[in-house]
Structures are given as C-alpha cells and as structure tokens.
Amino acid sequence: MTYPSIDREKKILELLQKQGSASIQELVDAFGVSNMTIHRDLNKMAEAGHIHKKHGGVTLAGNSPAAGESLCSMCNKPVSARTVFIVQFENGEQKRACCAHCGLMIQSQSKKVRQSLTADYLHGHMVSAKQAVYITGSELNICCVPSVLSFGSQQEAEKFQKGFGGTLASMDEAIQYLHGMMHAH
Ligand SMILES: [Zn+2]
Ligand SMILES: [Zn+2]
C-alpha cells in the first residue's frame with residue numbers, strides 16, 4: 001500500500017505514538033516506499049520538531065502533536081509531552097502516564113510489561129525507561145508528588161541536579177523510592 005506523503009507523516013506519527021521508536025527499514029517496509037522517500041518525510045518531520053532522527057531510526061519528539069493528547073492512566077491528569085511515560089504490555093496494549101511517577105507505578109503493578117519509554121525532561125525525546133536516569137526528591141515538584149523526573153543520560157541528570165538537587169536513581173531505585181514514600185504517608 002502506498003500513501004501520499006502527508007498521510008504517511010500521519011501514519012508515521014501514529015506508529016511512533018504506539019511504539020515510541022522505529023527503524024528506517026521498518027518504515028520503508030511498512031509503507032512500501034524507497035529509503036529516500038522515507039528519509040525525505042523524516043527530515044521534514046524532524047525540522048518541524050515532531051520527531052528525532054538518530055542512527056537508522058526515529059523516535060517521537062516530545063512536542064509532536066501526537067505526544068500530548070491523552071490522560072494519565074493512573075491519575076487522569078492530562079499528559080504533558082515533557083514528562084510523558086509510556087508503558088507497553090506484552091499483549092500490545094499501552095498505557096500513558098503523566099510523568100515517571102505514575103508511569104513507574106503502572107509498570108511496577110504489572111508483570112506483563114514488554115517495554116516502557118519515558119521522556120527526557122530536558123529535551124523531551126523518548127528514551128527507554130530501563131536505561132533512563134531518574135532524579136527523585138528534587139526541589140522542583142513537577143507533576144505528581146513525590147516527583148520523579150527522567151533523563152536520557154547521566155550527564156543530563158547531573159546537569160539538572162546541579163540546579164535543583166535531588167538524588168540520581170536507576171529505574172529500580174526510583175520504583176523503590178516511590179513505594180517507600182507511598183508507605184510513609
Ligand atoms: Zn498520573
Ligand atoms: Zn504525574
């Protein structure tokens with residue numbers, strides 16, 4: 001099946017919304033167009049700030065129109081692109097959370113999680129929740145309290161920590177932190 005370019009852009013966004021990222025090859029196969037055509041689409045979308053291109057693939061950018069249209073599955077707050085957390089289950093379902101706080105809670109309540117993605121707080125692109133670096137207990141209470149913010153790299157997290165304090169944590173540590181805080185209340 002082939003689509004005109006504008007439809008393809010919409011479909012690419014939908015696909016990224018569903019799975020967070022895609023490889024160029026995947027998109028070429030999905031749309032039955034040439035590598036060059038996909039690259040042209042992606043360049044346009046990247047320029048518009050809707051996606052991020054990286055080696056051989058793309059991820060949804062935080063400010064994409066597709067990224068911020070739902071309510072948190074945990075607390076029903078509108079999901080902000082800057083802090084969105086997406087949990088994907090083994091059966092293909094996915095839940096979106098307003099921030100890493102809710103996202104990690106959803107994730108820790110299910111054993112059937114395939115993978116999760118979380119927004120890098122500084123840049124807004126989606127990163128694997130497992131590999132993300134979290135900051136707990138910073139002075140900045142963003143979204144749900146106790147706030148947990150996620151970053152794509154240790155370096156970014158430390159940059160933030162310098163300004164706003166808090167403790168660097170791995171995903172498991174951040175989950176433990178949340179559970180600990182919840183019981184303390
Ligand atoms: Zn929430
Ligand atoms: Zn939240």
Count, please, the residues in the stretch 140-165 that happen to be among the hydroxyl-bearing types (S, T, Y) and within 16 Å of ligand 1 (Cβ to nearest atom). 2
Here are some conditions: (1) buried (at least 20 other Cβ atoms within 10 Å of the Cβ); (2) within 16 Å of ligand 1 (Cβ to nearest atom); (3) touching a residue at least 60 places away in the same chain (Cβ under 8 Å); (4) hydrophobic (A, V, I, L, M, F, W, C). V87 meets all but one. Which one does it not meet? (3)
Which of the residues spanning the stretch 131-160 are loosely packed, with under 14 Cβ neighbours inside 10 Å and not aliphatic (A, V, I, L, M)? Q131, E139, N141, Q154, Q155, E158, K159
Just to verify a result, which residue in the stretch 83-108, among those that are part of a loop (DSSP other than H, G, I, E, B) and more than 11 Å from ligand 2 (Cβ to nearest atom), is modelled with the highest pLDDT? E90
Hey, can you tell me all the residues within the stretch 136-168 that are in a loop (DSSP other than H, G, I, E, B) and of a type outside the set (G, A, S)? E139, L140, N141, I142, C143, C144, V145, P146
Hey, could you check the stretch 1-32 for residues that are surrounded by fewer than 18 Cβ atoms within 10 Å (Cβ to Cβ) and β-branched (V, I, T) and say which is modelled with the lowest pLDDT? T2
Got at least one residue in the stretch 41-55 being at pLDDT below 85, surrounded by 16 or more Cβ atoms within 10 Å (Cβ to Cβ) and either outside any helix (DSSP H, G or I) or not assigned by TED's automatic domain parsing to the domain that holds I142 (or both)? yes
Residue hits (the stretch 109-132; among the basic types (K, R) and in a loop (DSSP other than H, G, I, E, B)) are K111, K112, K130
Of (1) crowded, with 23+ Cβ neighbours inside 10 Å; (2) within 11 Å of ligand 1 (Cβ to nearest atom); (3) in contact (Cβ under 8 Å) with a residue 40 or more places away in the chain; (4) under 23 Å from H52 (Cβ atoms), L117 satisfies every one except (2)
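The values are calculated or read from the model by the stated rules, or taken from the named source; none is laboratory data. Since the structure is predicted, the reported quantities are computational estimates derived from the model, not experimental observations. Cβ sites come from the backbone with ideal geometry, for glycine too, and all protein chains shown count toward neighbours.
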